[in-house]
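The values are calculated or read from the model by the stated rules, or taken from the named source; none is laboratory data. All values reported here derive from a predicted model rather than from experimental measurement. Cβ: placed from backbone, ideal geometry, glycine included. Neighbour counts: every protein chain shown.
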Amino acid sequence: MSSSVSMALDKFIFRFHKKLTEFSETLNIEYDPKWPSLCYLSEGQPGELVAWQPIKRLLKSDFTDVEKALGISIHSDLIDFYSEYWSDNLNAQASKGKLQLLQAWNDDDFVRLQQNLVGHVLMKQRLKQPITLFVGVTNDDDFIITVNNESGEVMLEQVGLIPQEVVAPNLADFLNSLEPDISI
């Protein structure tokens, strides 16, 4: 059975595709044969723009090594969020402004994502702050969207500081509140 986060992400991507269709748009990205992904809808010459789309993942992401290395259990909402699709980052509009939902393009990108999450958690531990895990970036480089690892609340977090603002009680509610942003 799908989690509420998985269903909310499915609905967001459905709304994203619907908006693209309404405006006769496609998602395009520079083709890189050295950075393969199931998301490419066709091959092209290196650097050529080709269409892509988010693709459902077949297997749930494995965070076991990350959890062991950090000595923590990662909130299930975050695991579900990063387990649902292979995708480039997805643009969205929240009530407070534009953001990008972070996603993994391929297995190598997922490894890099995990390394960045580990670095973020180590910073939070070093600063003796509550552990958060990022799911998005904002247009302001100083602020990220995070999930509080204890409560599951979605936070607007100024990098390096204790998050002060809860933007949603959980990740599913946050995803359901977003509008897809297809502007380029």
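Pick from region 74-97 the residues that are under 21 Å from Lys124 (Cβ atoms) and free of Cβ contacts under 8 Å to residues at least 60 places away in the same chain: which of them is surrounded by the fewest Cβ atoms within 10 Å (Cβ to Cβ)?
Looking at the filtered set, the residue picked out is Ile79.
Specify the residue that is surrounded by the fewest Cβ atoms within 10 Å (Cβ to Cβ); the eligible residues are those in region 131-158 that are within 16 Å of Pro169 (Cβ to Cβ) and out of contact with any strand residue (DSSP E or B) (no Cβ under 7 Å at 6 or more places or on another chain).
Out of the qualifying residues, it is Glu150.
Quick grid of which residues meet (1) within 24 Å of Ser183 (Cα to Cα); (2) within 19 Å of the chain's Cα centre (by Cα); (3) among the hydrophobic types (A, V, I, L, M, F, W, C):
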position: Glu30; (1), (2), (3): yes, no, no
position: Lys56; (1), (2), (3): yes, yes, no
position: Glu67; (1), (2), (3): no, yes, no
position: Ile72; (1), (2), (3): no, no, yes
position: His75; (1), (2), (3): no, yes, no
position: Ser87; (1), (2), (3): yes, yes, no
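Output yes when any residue across region 143-165 is over 16 Å from the mean Cα position of the chain (by Cα) and outside any loop (DSSP other than H, G, I, E, B), and no when none is.
Just the residues of region 143-165 that are over 16 Å from the mean Cα position of the chain (by Cα), to begin with: 150-151, 158-165.
Then drop every residue that is not outside any loop (DSSP other than H, G, I, E, B), which leaves 158, 165.
Yes, region 143-165 has at least one match.
Could you please give the count of residues in region 107-142 that are of a type in the set (Asp, Glu) and farther than 29 Å from Leu58 by Cβ? Steps first, answer last, please.
Narrowing region 107-142 to residues of a type in the set (Asp, Glu): 107-109, 140-142.
Checking the rest, the ones that are also farther than 29 Å from Leu58 by Cβ come to 140-142.
Residues that pass the stated criteria total 3.
Only one of these is closer than 28 Å to Asp142 by Cβ, at pLDDT below 95 and either assigned to a loop (DSSP other than H, G, I, E, B) or not β-branched (Val, Ile, Thr) (or both): Ala104, Ala69, Ala92. Name it. Walk me through it before giving the result.
Numbers: Ala104 fails: at pLDDT below 95; Ala92 fails: at pLDDT below 95.
Going through Ala104, Ala69, Ala92 in turn, the sole match is Ala69.
Can you name the residue in region 119-142 that is within 17 Å of Val66 (Cα to Cα) and in a strand (DSSP E or B) and is also farthest from the chain's Cα centre (by Cα) among such residues?
Thr132
Quick check on region 1-24: of everything there that is touching a helix residue (DSSP H, G or I) at 6+ places or on another chain (Cβ under 8 Å) and in a loop (DSSP other than H, G, I, E, B), which residue is surrounded by the most Cβ atoms within 10 Å (Cβ to Cβ)? So that I can check it myself, show each step before the final result.
Of all residues in region 1-24, those touching a helix residue (DSSP H, G or I) at 6+ places or on another chain (Cβ under 8 Å) come to 2-9, 11-12.
If we keep only those that are in a loop (DSSP other than H, G, I, E, B) as well, we get 2-3.
Numbers: Ser2: 11, Ser3: 17.
Out of the qualifying residues, it is Ser3.
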